[in-house]
Amino acid sequence: MLATTGIYHRLLTHKSYQAPIGVLWVGSIIAAAAGQMGPSWWKAHHMTHHQYVEQDLDPHSPYTPMQGIRGFFWSQGGWLLSSKFFPAKLPIDVENDRFLKLIDRLHFIPVIALGAISYFIGGLEYLGAFFLSTTLLFHGVQTVNSLAHIFGEQPFITNDLSRNNGFVAFLTLGEGWHNLHHAFQSSSRHGITIRSGQVVYLVDPTFSFIKMLEFLKLASKLRLPAESQLLARSQHRSFESLPLPTPVKTSVDS
């Protein structure tokens, strides 16, 4: 999960901090071994999500092309069984790195290798544990696409229905503070909200992981919004349900 949240998402896609290329390579191999596909595929879909959030071109919105319970199942994984599985365009920066491109094209090798290692360590029981843990991790990550756009607070003004959802944050080591992420896409810390007009910092294990990398001299230049910026984007209210917003095309901060 940390490889997905701390490496694929906050480092590779949004460049919310800087790290030696070896950290990115190793983290990408681990994320691929977790069944999260390759770095080009992952970043391409996430960039498209931010660019067209809650619109028809959003690959995994719970509001389009369908809504309600069908929209939930679509965003929770149904979109992977459609033509949207294939990204329209791959990110140039990832494609220009030969090793990342190799990981992307051979992303199935790390996951098969991890399954084989599990089997050789403990037989069918360990292989079963491999399949179970990989499945649970997959659905945990997908709750950011589904639940974190349906339930929770919206402390920050955005042109979408992203939410801060504590349950999703628990499952995904801080990624569930999703409204903050959509408001400040390049922030290395997602665990931030506004309460009674004050900035409040929330538990964010992925940010703690990044701070650990910084302590070990493996991360630098962590990007964080100033409290004045956070307060300027605050809307001082929470939502349980909202009508669909008017589609607004936003740029990607990657």
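The values are calculated or read from the model by the stated rules, or taken from the named source; none is laboratory data. Just so it is clear, the model here is predicted, and its values are computed rather than measured. Backbone-built Cβ (ideal geometry, glycine too); neighbour counts: all protein chains shown.
Contact map, region 25-39: residues that are touching a residue at least 40 places away in the same chain (Cβ under 8 Å) paired with residues that are assigned to a loop (DSSP other than H, G, I, E, B) and surrounded by fewer than 24 Cβ atoms within 10 Å (Cβ to Cβ), Cβ distance under 6 Å, separation 6+ or inter-chain. Pairs shown: ALA32/HIS107; MET37/HIS107; GLY38/HIS107.
Any chance region 6-22 includes a residue that's in contact with an Asp or Glu (Cβ under 8 Å, 6 or more places away or on another chain), of a type in the set (Gly, Ala, Ser) and in a helix (DSSP H, G or I)? Among the residues of region 6-22, not one is in contact with an Asp or Glu (Cβ under 8 Å, 6 or more places away or on another chain), of a type in the set (Gly, Ala, Ser) and in a helix (DSSP H, G or I), which makes the answer no. The criterion of at least 2 residues that are charged (D, E, K, R) is met, among helices (runs of 4 or more DSSP H) falling completely within region 74-156, by 92-95, 98-105.
A single entry from LYS211, LYS217 fulfils the requirement of being free of Cβ contacts under 8 Å to residues at least 24 places away in the same chain and part of a loop (DSSP other than H, G, I, E, B): LYS217.
On the stretch given as region 4-31, residues that are farther than 15 Å from GLU95 by Cα, surrounded by 21 or more Cβ atoms within 10 Å (Cβ to Cβ) and within 14 Å of the chain's Cα centre (by Cα) total 10. Among the residues of region 157-181, those identified as among the aliphatic types (A, V, I, L, M) and part of a loop (DSSP other than H, G, I, E, B) are ILE157, LEU161, LEU173.
For region 145-159, the condition holds for at least one residue, the condition being that it is more than 19 Å from the chain's Cα centre (by Cα) and surrounded by fewer than 21 Cβ atoms within 10 Å (Cβ to Cβ). Number of residues in region 43-70 that are without any contact (Cβ under 8 Å) to a residue 40 or more places away in the chain, closer than 22 Å to GLU175 by Cβ and not in a loop (DSSP other than H, G, I, E, B): the value is 1.
The numbered conditions (1) farther than 16 Å from THR4 by Cα; (2) under 18 Å from the mean Cα position of the chain (by Cα); (3) in contact (Cβ under 8 Å) with a residue 24 or more places away in the chain are all true for ASN165 except (3). For region 222-236, the tally of residues that are touching a residue at least 60 places away in the same chain (Cβ under 8 Å) and either over 14 Å from HIS190 (Cα atoms) or assigned to a strand (DSSP E or B) (or both) stands at 4.
Search region 183-208 for residues being part of a loop (DSSP other than H, G, I, E, B) and of a type in the set (S, T, N, Q), and hand back the single one that is farthest from LEU173 (Cα to Cα). Filtering region 183-208 for residues that are part of a loop (DSSP other than H, G, I, E, B) and of a type in the set (S, T, N, Q), the one farthest from LEU173 (Cα to Cα) comes out as SER196. If SER118 passes every condition in (1) within 24 Å of VAL26 (Cβ to Cβ); (2) polar (S, T, N, Q); (3) surrounded by fewer than 17 Cβ atoms within 10 Å (Cβ to Cβ) but one, which one does it miss? Of everything listed in (1) within 24 Å of VAL26 (Cβ to Cβ); (2) polar (S, T, N, Q); (3) surrounded by fewer than 17 Cβ atoms within 10 Å (Cβ to Cβ), SER118 misses just condition (3).
Suppose we keep only residues that are charged (D, E, K, R) and within 30 Å of LYS101 (Cβ to Cβ) within region 41-76. Which one would you say is surrounded by the fewest Cβ atoms within 10 Å (Cβ to Cβ)? Once the filter is applied, the top-ranked residue is ASP56.
Taking (1) within 18 Å of the chain's Cα centre (by Cα); (2) closer than 18 Å to SER162 by Cα in turn, MET66 satisfies each apart from (1).
Can you find even one residue in region 89-102 that is loosely packed, with under 12 Cβ neighbours inside 10 Å, at pLDDT below 95 and either within 21 Å of the chain's Cα centre (by Cα) or more than 23 Å from ILE29 (Cα to Cα) (or both)? Yes: one or more hits.
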